[in-house]
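This report concerns only the one structure given below.
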Amino acid sequence: MLTFKGFSGINNVLPAERLGNDALTTATNVNIGLTGELSRRTGYASVSNDAHTNLYQADDYLLATVGLNGDLTAIRQGGNTVVYPSLGHDRVWYCTLPDGRVAFSNGLINGVTDGVTASSWGVPIPPSTGALTEVAGNLFDGEYQWQLTYVRLSDGKEGGAAYSGAPVSITTGGVFLSGLPALAGHKINVYLTSHNGGEAYFAGSTTNTIFTFTGANDDLVLPCRTDFHKPAPAGRCLAEWRGRVLVAVDNVLYASVPNNQELFNVRRDFKQFVDPITTVVPVDDGIYVGTTKELAFIGGVQFDNLAYRKVVNGPVALGSGVAVRGELIKQGEGAGLGKAMVCIADGRIVAGFNGGGVVRMTEGRYYTDVAEVFAFFRSNNGIPQYVAIPR
């Protein structure tokens, strides 16, 4: 039994023989209080024999991949619901959307769930555009192209466009489209270009496989608002920031359209880094982005105008970044304010605050070369704790 009158914490940087009587190189299954007091960590009891991985606390349920097939399951006190069967056992990343649903992605498959059912994350793009046949109508003679989008009937959200091939010559004034890719629960919006090409404008909608337009060119006035937009990419390090959802794919950070977390303009709304992204944590006035080589702060309140600044030189452990209230993190003689983050950067536990200021909290005391963790921040009997479990 060891008794400490004043415990200063873990120190695995100094050789063990040089440590004083107030430090340890490791400590297992103990809690450390705010004044350095030690207490035994409480045990646990198993409530299920099934393997549970990729846990995430939603508003009123717990998400986890369960069993041999990794079924994405919503766990409630009243019972469990499989929302996405056979998602697998690869790491799953989550983000709570502003409407309360949870987006999930394992890098290959993504979706959105309300804890009862799951749907695709974003309205899909039509897989084909059908065929055009001339009919009588009032269009000018010329060469036309067309675009198709799906519109989800449950909420009216429109997805990105599918584009027809080479222009088709029209001399009789009307178009008849056949073989359209009808989709249950969706209607198809049809857009036509002018007789001289250019931007496509709304011509009408259909819920089946055919569509006819015999109006005049002057009737084509509403442009396609989702040109070159796509559903959410399947990525990792999901986060929500100022009405957008952020998704990292390799070394690129994508942002959804403002206030529409299911639509991404991938040609415009992205930030590219040199190295693969390992952590994304927003704060009030910017976003901390960790990569395999550095921790960066891209500051600002508009995604288009974010300014890049390196704040730590060294790799950031995958999944180590977590959001935390700034007042729970010591900063100098006081504490931070607003939103903050904690991660493992350059082998040290680092805290980041609004404005891009960072504190290397374990400099000279604790170092780890862990490459990937499952991390979270919690309050244990009123004591704030950063927990990072190696994967």
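From the square roots a ≥ b ≥ c of the eigenvalues of the alpha-carbon gyration tensor of segment 139-266, which class results: rounded (a/c under 1.5), prolate (a/b over b/c), or oblate? The partial results should precede the final answer.
On the way: a/c = 2.62, a/b = 2.09, b/c = 1.25.
It comes out prolate by the Cα gyration axes.
What number, in percent, do you get for the relative contact order of the chain if the mean sequence gap of Cα pairs under 8 Å and at least 6 apart is divided by its residue count?
Values: 971 pairs, mean separation 35.2, N = 391.
Dividing the mean separation by the residue count of the chain yields 9 percent.
Given charges of +1 on the Cβ of Lys and Arg and -1 on the Cβ of Asp and Glu, with all other atoms neutral, how large is the dipole of the chain about its Cα centre, in debye to the nearest 20?
Working: 29 positive and 34 negative charges, 254 e Å.
It comes to approximately 1220 debye.
Can you pull the Rg over Rh of the chain, Cα-only, Kirkwood?
On the way: Rg = 26.6 Å, Rh = 24.2 Å.
We get a ratio of 1.10 for the chain.
Which of Val92, Val280, Val301 ends up with the largest GNM mean-square fluctuation for the chain, with Cα atoms connected below 10 Å? In the Gaussian network model the winner is Val301. Protein heavy-atom surface of the chain, 1.4 angstrom probe: 51% of the accessible area is carbon and sulfur, with nucleic acids and ligands not counted. Only loop residues by DSSP count here, and only those with at most 13 other Cβ atoms within 10 Å; note down the trypsin sites (Lys or Arg not before Pro) in segment 135-219 that meet that. Nothing satisfies the criteria. Summarising the strand pairing of the chain, around 95 percent of its internal DSSP beta bridges are antiparallel.
Go through Lys293/Lys330; Lys310/Lys339; Lys271/Lys310; Lys230/Lys310; Lys187/Lys271 and tell me which ones have a Cα-Cα distance over 23 Å in this structure. Flagged as over cut-off: Lys293/Lys330; Lys230/Lys310; Lys187/Lys271.
Bridging of Lys157 to aspartates and glutamates at a Cα separation below 15 Å is possible for Asp99, Asp227, Glu262, once same-chain residues fewer than 8 apart are set aside. When all protein chains stay in place and ligands, DNA and RNA are ignored, the 1.4 Å accessible-area order of Thr117, Thr96, largest first, is Thr117, Thr96.
Accessible area of Val13 (1.4 Å probe, protein heavy atoms only, ligands and nucleic acids ignored): about 70 Å².
The values are calculated or read from the model by the stated rules, or taken from the named source; none is laboratory data. Keep in mind that this is a model prediction, so the values were computed, not measured. Reconstructed Cβ throughout: ideal geometry from the backbone, glycine too, with neighbour counts over all protein chains shown. Accessible surface is based on the protein model in full, side chains and every heavy atom, while ligands, DNA and RNA are left aside. Shrake-Rupley method; radii C 1.70, N 1.55, O 1.52, S 1.80 Å.
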